[in-house]
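The block underneath contains the structure these notes are about, expressed in structure tokens.
The values are calculated or read from the model by the stated rules, or taken from the named source; none is laboratory data. On a predicted model such as this, the values are computed, not experimentally measured, just so you know. Glycine gets a Cβ as well: all are built from the backbone with ideal geometry, and neighbour counts include every protein chain shown.
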Amino acid sequence: MAKKYLTWFKNYQKIQSGNFEKGNIEWFIGGKLNACFNCVDRHLPKKANQIALIYEQEEPDQTEKITYQEMKEKVCQTANLLKSLGVKKGDPVAIYMPTCPAAIYTMLACTRIGAIHNVVFGGFSANALRERLIDCKTRIIFTSNHSIRKGRRIFLKKMVDEAIKDLDFIDHVVVHKLTESEEDFHEEKDKWYEESIAKESKECLIEEMDSESPLFMLYTSGSTGQPKGIIHTTGGYLVYAGMTFDYIFDYRENDIHCCVANIGWITGHTYTVYGPLLLGATTVLYEAVPIYPTVERYWQSIDKLKITSFYTSPTAIRLLMTFSDQNVIKYDLSSLRVIGSVGEPINPEAWLWYYKLVGRERCTLVDTYWQTETGGVVLTPLPGVTPLKPGSTTLPFFGISPVILDPSTGNVLTENNVTGLLAISSSWPSIARTIYSNHKQYLNVYFNQYKGFYLTGDSAFRDSDGYYWVLGRIDDVITVSGHRIGSMEIESALVSHSHCVEAAVVGIPHEIRGQAICAFCVLKDDPKKEEQKKDLDSLRISLSNQVATQISRIAFPDQIVFVNALPKTRSGKIMRRILRSILIGKTSQQDFGDTSTLLDPSVIDELIEQVKLQK
Ligand code: WT7
């Protein structure tokens with residue numbers, strides 16, 4: 001498969017080495033290749049004039065098409081710009097841009113010269129961006145003057161300026177102009193992207209990279225207050241991206257693939273950019289929300305662009321289901337062959353709606369389970385092969401060996417009809433190789449808890465047919481609208497507010513977004529406290545805004561409950577499980593499970609009381 005999906009400059013000598021005990025996984029050892037060559041140059045002899053990117057912007061009439069030849073020229077110019085700014089093999093480059101052609105050129109340009117791109121989701125706040133820049137000491141940032149969301153501009157360049165205030169290691173900010181707008185421009189650091197690349201040559205040599213050289217890093221949330229810089233390497237990641245894209249979306253020549261995920265997430269990396277471009281496909285860059293300007297936006301695009309495979313999230317489906325079916329029925333969706341779902345469990349009702357209304361009971365619906373760390377899909381049906389069951393991610397992809405572990409003993413549950421921790425027992429090409437500058441954390445989070453297994457952090461049920469049903473995270477990660485957010489990250493944002501001393505954050509079920517964020521806050525005990533309490537609602541707003549500025553609007557709490565104390569164990573760990581039970585209306589002792597480790601069992605009554613009062 002490595003030879004089928006990639007062109008190698010030098011063959012690998014060994015397919016795989018390393019193990020989960022040591023966390024030293026390697027694939028296609030000794031091989032040399034280049035990601036950009038595989039995604040762009042090698043297609044030119046046959047496909048120079050084929051469309052590589054279709055840029056579908058917010059307004060339905062804003063569509064731009066870019067051929068492989070045009071993309072190659074822009075990528076080379078961008079790569080030359082990187083070089084002229086002093087970027088070398090192995091250097092990190094931050095990309096804080098909306099999903100747009102210039103962002104894709106920059107990603108590919110990095111890989112062309114062996115630099116490591118670090119795409120930061122454009123919905124993250126200045127503060128969240130700053131944290132990520134500091135962690136990997138990035139010298140260069142590519143941004144856009146602004147992005148557009150539901151017709152409103154979000155001033156990304158301004159956020160960059162705020163993020164890098166007093167960071168002395170930032171040398172250059174390259175600013176792509178999405179549309180004309182007035183910007184603060186700092187001559188010493190800032191450069192306009194379009195102007196700068198215009199001066200560069202349209203040819204650029206390709207760096208031969210080792211199979212195990214880092215290809216990119218991408219920050220994701222875990223159980224700590226700090227996001228983790230997940231590292232993927234070149235050979236293994238690309239083999240798996242190409243192969244999974246081919247099999248799962250049943251790729252055929254002239255297909256038009258549309259994955260609506262933002263490039264700030266792994267889904268955008270693997271199934272908007274790398275998978276499709278490796279196969280020489282046409283990929284749609286979708287910078288549009290499903291309900292703007294109308295709730296027909298998705299179906300209109302499928303009809304207009306004749307999209308053949310379409311990939312979205314359960315949240316979007318659940319939202320669109322709340323509007324009239326006529327909005328879907330009136331469009332011609334006959335070009336579709338495969339429709340996909342990713343990011344969180346899809347409930348059977350949403351699955352059936354998507355299957356019937358959008359897939360017209362004719363398309364395969366692939367519910368694909370994977371993670372930032374897995375690099376590509378690991379559980380999925382294959383079109384035309386796997387009998388489907390609404391709500392199940394069905395079976396493992398080739399080369400993946402999932403297991404269900406008993407959480408208390410760590411034993412592998414070999415029978416069917418079992419529920420437990422979802423783990424994987426042997427390595428696959430695109431597994432993350434490390435966490436940037438923290439290999440110890442990588443070992444602790446994924447491999448040391450149950451020796452010999454990669455721990456996903458999710459629980460799952462395996463039914464009598466051996467099908468997997470992913471139930472959700474068992475760690476302190478919350479999935480809101482398919483976005484992964486750490487409880488501790490929100491908690492640390494809340495306690496950075498001058499009135500809040502302690503906070504505990506949990507996710508509870510939400511009809512459309514999968515989970516809703518609920519925060520419990522303990523206020524500072526000062527003389528002004530009584531006064532503060534009079535205006536709890538404005539305090540709630542101010543705390544929520546703190547979360548938005550520290551992290552992102554996607555982490556905005558749905559509910560804030562003020563309490564005198566949090567349920568903690570004697571060792572000081574917050575028992576979030578108790579908070580979750582109380583929020584969903586549980587009140588009796590049996591509902592809380594084992595509470596013997598609670599430092600002060602009387603807090604439970606106060607919590608129940610406050611949740612009732614503050615509803
Ligand atoms: C977490 C990973 C790479 C996909 C985008 C999110 C949840 C993902 C499914 C699915 C049930 C799913 C899991 C996983 N998840 N896909 N098909 N069914 N749950 O990537 O941000 O790294 O989040 O998303 O909880 O651990 P991510």
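One residue stands out in the stretch 317-353 among those that are of a type in the set (Gly, Ala, Ser) and outside any loop (DSSP other than H, G, I, E, B): the one that is farthest from the ligand (Cβ to nearest atom), namely 350.
Within the stretch 9-25, take every residue that is in contact (Cβ under 8 Å) with a residue 40 or more places away in the chain and closer than 23 Å to residue 112 by Cβ and give me the one that is surrounded by the most Cβ atoms within 10 Å (Cβ to Cβ). In this case the residue turns out to be 12.
Scoring residue 301 on the criteria (1) farther than 20 Å from residue 272 by Cβ; (2) touching a residue at least 60 places away in the same chain (Cβ under 8 Å); (3) assigned to a helix (DSSP H, G or I); (4) not charged (D, E, K, R) leaves a single failure, condition (1). Taking the criterion of being within 25 Å of residue 385 (Cα to Cα) and hydrophobic (A, V, I, L, M, F, W, C), the residues of the stretch 228-247 that qualify are 238, 239, 241, 243, 245. Across the stretch 51-91, the qualifying residues are those that are in contact (Cβ under 8 Å) with a residue 40 or more places away in the chain and in contact with a Gly (Cβ under 9 Å, 6 or more places away or on another chain), and the one among them that is surrounded by the most Cβ atoms within 10 Å (Cβ to Cβ) is 52. Can you find even one residue in the stretch 365-376 that is in a loop (DSSP other than H, G, I, E, B), away from the ligand (no atom under 11 Å from the Cβ) and not polar (S, T, N, Q)? No, the stretch 365-376 contains no residue that is in a loop (DSSP other than H, G, I, E, B), away from the ligand (no atom under 11 Å from the Cβ) and not polar (S, T, N, Q). The set of residues from the stretch 426-457 being crowded, with 23+ Cβ neighbours inside 10 Å and part of a helix (DSSP H, G or I) comprises just one member, 446.
In this structure, is residue 427 under 26 Å from residue 217 (Cβ atoms), more than 20 Å from the chain's Cα centre (by Cα), more than 12 Å from the ligand (Cβ to nearest atom) and of a type in the set (Ser, Thr, Tyr)? The answer is yes for residue 427.
Residues in the stretch 388-409 that are part of a loop (DSSP other than H, G, I, E, B) and under 10 Å from residue 467 (Cα atoms): 388, 389, 392, 393, 395. Only residues that are of a type outside the set (Asp, Glu) and either surrounded by fewer than 15 Cβ atoms within 10 Å (Cβ to Cβ) or in contact with a Gly (Cβ under 9 Å, 6 or more places away or on another chain) (or both) were counted across the stretch 169-183, and they come to 4. Screening residue 417 with (1) more than 11 Å from the ligand (Cβ to nearest atom); (2) within 30 Å of residue 331 (Cβ to Cβ) gives one miss only, at (2). Restricting attention to the stretch 306-353, the residues being of a type in the set (Phe, Trp, Tyr) and in contact with a strand residue (DSSP E or B) (Cβ under 6 Å, 6 or more places away or on another chain) number 2. Taking residue 485, is it of a type in the set (A, V, I, L, M, F, W, C), buried (at least 19 other Cβ atoms within 10 Å of the Cβ) and not in a helix (DSSP H, G or I)? Spelling it out, residue 485 is indeed of a type in the set (A, V, I, L, M, F, W, C), buried (at least 19 other Cβ atoms within 10 Å of the Cβ) and not in a helix (DSSP H, G or I).
Of all residues in the stretch 169-199, those satisfying the criterion of being in a loop (DSSP other than H, G, I, E, B), among the hydrophobic types (A, V, I, L, M, F, W, C) and at pLDDT 95 or above are 169, 170. Among the conditions (1) in contact with a strand residue (DSSP E or B) (Cβ under 8 Å, 6 or more places away or on another chain); (2) away from the ligand (no atom under 16 Å from the Cβ), residue 459 misses just one, which is (2).
Might you check whether a residue that is assigned to a helix (DSSP H, G or I), among the β-branched types (Val, Ile, Thr), in contact with a Phe, Trp or Tyr (Cβ under 8 Å, 6 or more places away or on another chain) and crowded, with 20+ Cβ neighbours inside 10 Å occurs anywhere in the stretch 160-168? Within the stretch 160-168, one or more residues are assigned to a helix (DSSP H, G or I), among the β-branched types (Val, Ile, Thr), in contact with a Phe, Trp or Tyr (Cβ under 8 Å, 6 or more places away or on another chain) and crowded, with 20+ Cβ neighbours inside 10 Å. Selection over the stretch 177-222 of residues that are more than 26 Å from residue 269 (Cα to Cα) and within 16 Å of the ligand (Cβ to nearest atom) gives a count of 0.
Looking only at the stretch 377-391, which residues are under 25 Å from residue 429 (Cβ atoms), more than 9 Å from the ligand (Cβ to nearest atom) and either in contact with a Pro (Cβ under 6 Å, 6 or more places away or on another chain) or among the hydroxyl-bearing types (Ser, Thr, Tyr) (or both)? 386 - this is the single residue of the stretch 377-391 that is under 25 Å from residue 429 (Cβ atoms), more than 9 Å from the ligand (Cβ to nearest atom) and either in contact with a Pro (Cβ under 6 Å, 6 or more places away or on another chain) or among the hydroxyl-bearing types (Ser, Thr, Tyr) (or both). From the list 114, 151, 122, the lone residue that is surrounded by 22 or more Cβ atoms within 10 Å (Cβ to Cβ), farther than 24 Å from residue 195 by Cβ and touching a residue at least 12 places away in the same chain (Cβ under 8 Å) is 114. When only residues in the stretch 533-567 that are free of Cβ contacts under 8 Å to residues at least 40 places away in the same chain and assigned to a loop (DSSP other than H, G, I, E, B) count, which is nearest to residue 121 (Cα to Cα)? Filtering first and then ranking leaves 556.
In the stretch 462-477, of all residues being at pLDDT 95 or above and part of a strand (DSSP E or B), the one that is farthest from the ligand (Cβ to nearest atom) corresponds to 462.
May I ask you to list the residues in the stretch 244-268 that are within 16 Å of the ligand (Cβ to nearest atom) and more than 16 Å from residue 340 (Cα to Cα)? Result: 263, 264, 265.
Considering only residues that are crowded, with 16+ Cβ neighbours inside 10 Å, in contact (Cβ under 8 Å) with a residue 40 or more places away in the chain and among the small types (Gly, Ala, Ser), which ones fall in the stretch 384-425? Result: 391, 392, 420.
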